[in-house]
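We did not get these values from a lab; they are worked out from the coordinates using the rules stated. Small disclaimer: the values here were computed from a predicted structure and weren't measured. Cβ atoms come from the backbone with ideal geometry, glycine included; neighbour counts cover every protein chain shown.
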Amino acid sequence: MSLTRDAAINTARVLTEALPYIQRFTGKTIVVKFGGNAMVDPQLNHDFARDIVLMKLVGINPVVVHGGGPQIGDLLKRLGIESTFVDGMRVTDSRTMDVVEMVLGATVNKDIVATINRHGGNAIGITGKDGNLIRARKMTVTRTTPGVDAPEIIDIGHVGEVTAINRDVVDTLTRSGFIPVIAPIGVGEDGLSYNINADLVAGKLAEVLRAEKLMLLTNVAGLMDKEGRVLTGLTTSTVDSMIADGTIYGGMLPKIKCALEAARGGVNSVHIVDGRVPHAVLLEIFTDEGVGTLISNRSR
């Protein structure tokens, strides 16, 4: 397919704009949490895969962590297993955990790997259980009831939190030219499997890998102020102030707290990226404008 002169000039302009970013990030690790619309929309899915392949080809080491909540919910419904949630987390009994492992570790993970490889990549899919990549413990949830002195402890089953990351597993794959695609399932000291929030896994991986960037793909344009304008170029202290004054609240809070923890843990920058935008990953990394909210690890 031949390009018109104007299209060719535009392509050259885009490549020129991307050059300093390619030079800056060559050899660096970027952790990308993949989920939301980008995962279930076929075209966005293919755009994401091509972005990841291109990153690897220009010398960046992408590490993909994926979710799969909608796919888990669909299969549970077909199997007649009711889903309940506590503070946004799916209560995961043994039957539900079997489904989680089936969907995240097999179906979703292998679909992402296949799509990346179809576009010329060299991806390998693993779960946190492989090589003891993600060590986990059972998450404890407490709820305070007015008039009751002691908080109530709620059992949400096989829902876990990260206790340790074995970075040797990821380093071995990236040094060998592979693109790791990781399902957020951890293993406890008791040998049990745990379902872990993909944002939390991505954040901890980025910290341990000393990643240049952590990118969290979402279904919103980014972090917004009270007037609905997308904010970027934020510091951790600025975000703290926005939480305190109520600008950031509700469903965005867990993602933002994950971003803050990663930034304070040594990740140079965290990006809340609109995954509904075609090629959102490349636009955020390789262009001046970007497509989301950037939070730096500077305190002020």
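About the Cα centre of the range 122-280, how large is the charge dipole given +1 on each Lys and Arg Cβ and -1 on each Asp and Glu Cβ? Please answer in debye to the nearest 20. Don't jump to the answer; show the numbers that get you there.
Numbers: 16 positive and 18 negative charges, 71 e Å.
The calculated dipole for the range 122-280 is roughly 340 debye.
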Exercise for the section: Can you tell me the relative contact order of the range 78-232? Whole percent, Cα pairs under 8 Å, sequence separation 6 or more. Expected result: 23
Exercise for the section: Name the residues whose placed amide hydrogens come within less than 5 Å of the amide hydrogen of residue 127, ignoring near sequence neighbours (fewer than 5 apart) on the same chain. Expected result: 183
Handout entry: For the range 148-259, alpha-carbon Rg relative to the globular expectation (2.2 N^0.38 Å, N residues)
Key = 1.32
Completion exercise
Rounded to the nearest 5, the percent of DSSP beta bridges in the chain running antiparallel is 40
Problem - Label-zone membership for the range 163-185, site residue 110, 7 angstrom Cα→C-beta point, backbone N under 15 Å - result: 183
Problem - Of the DSSP H helices in the chain, those whose Cα atoms cover at least 27 Å axially and whose Kyte score averages -1.0 or more - result: 5-25
Completion exercise
Flagged as over-length at 27 Å C-alpha distance, from 138/255; 77/257; 28/204; 138/257; 77/226, the pairs are 77/257; 77/226
Completion exercise
Here the gain from full extension of residue 241 to residue 41, 0.36 nm per residue of separation minus their alpha-carbon distance, amounts to 68.5 nm
Fill in the blank from the handout: Here FRET efficiency (C-beta to C-beta, residue 227 to residue 78, R₀ 45 Å, nearest 0.05) is 0.60
Practice task
Express as a percent, rounded to the nearest 5, the fraction of DSSP beta bridges in the range 1-96 (both residues included) that run antiparallel.
Solution key: 25
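Of all GluC sites (Glu not before Pro) in the range 181-212, which ones are in loop regions per DSSP and have a Cβ with at most 16 other Cβ atoms within 10 Å?
Passing both the DSSP loop test and the Cβ count: 189.
With only alpha-carbon pairs counted, each pair once and no self-pairs, how large is the Kirkwood hydrodynamic radius of the range 16-86 in angstroms?
Values: mean 1/r = 0.0691 Å⁻¹.
Over the range 16-86, the inverse of the mean reciprocal pair distance is 14.5 Å.
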Problem - residue 28 long-range amide H proximity, modeled H, under 5 Å - result: 61
Practice task
Please state, to two decimals, what the Cα-based radius of gyration of the chain comes to when divided by 2.2 N^0.38 Å (N = residues).
Solution key: 1.02
Completion exercise
Interchain or sequence-distant (5+) residues whose placed amide H lies within less than 5 Å of the amide H of residue 217 are 33, 35, 273
